[in-house]
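Let me begin by presenting the structure, written as structure tokens, before commenting on it.
We did not get these values from a lab; they are worked out from the coordinates using the rules stated. No experiment lies behind these values; they were computed from the predicted model shown.
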């Protein structure tokens, strides 16, 4: 019995003795933290998926914009070369 008291005393020293009758045990707090961590991980996963989708969309839009600008410059380049030939 004395050894059990020493073990409990050691645990209380390590974990902390309950201060009130309404104290929440360490295992319950641990479960609550696990739930909170799972919620945060899920939110993070969802955010990463949404961010990835937005970035892919942005890259596609930017790529289309670059291609449009290239086409516009090709047209201008052709017009300039025609004008150069006409002026020669």
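If each DSSP helix of 4+ residues adds -39,500 (n - 2.57) and the sum is divided by the residues in the chain, what number results at 222 nm, nearest 500 deg cm²/dmol?
-32000 deg cm²/dmol
Restricted to Cα positions, what overall size does the chain have along the principal axes? Three whole-Å values, descending.
110, 20, 18
Extension gain residue 73-residue 41, at 0.36 nm per residue separation less the Cα-Cα distance, in nm?
Between residue 73 and residue 41, full extension yields 6.8 nm more.
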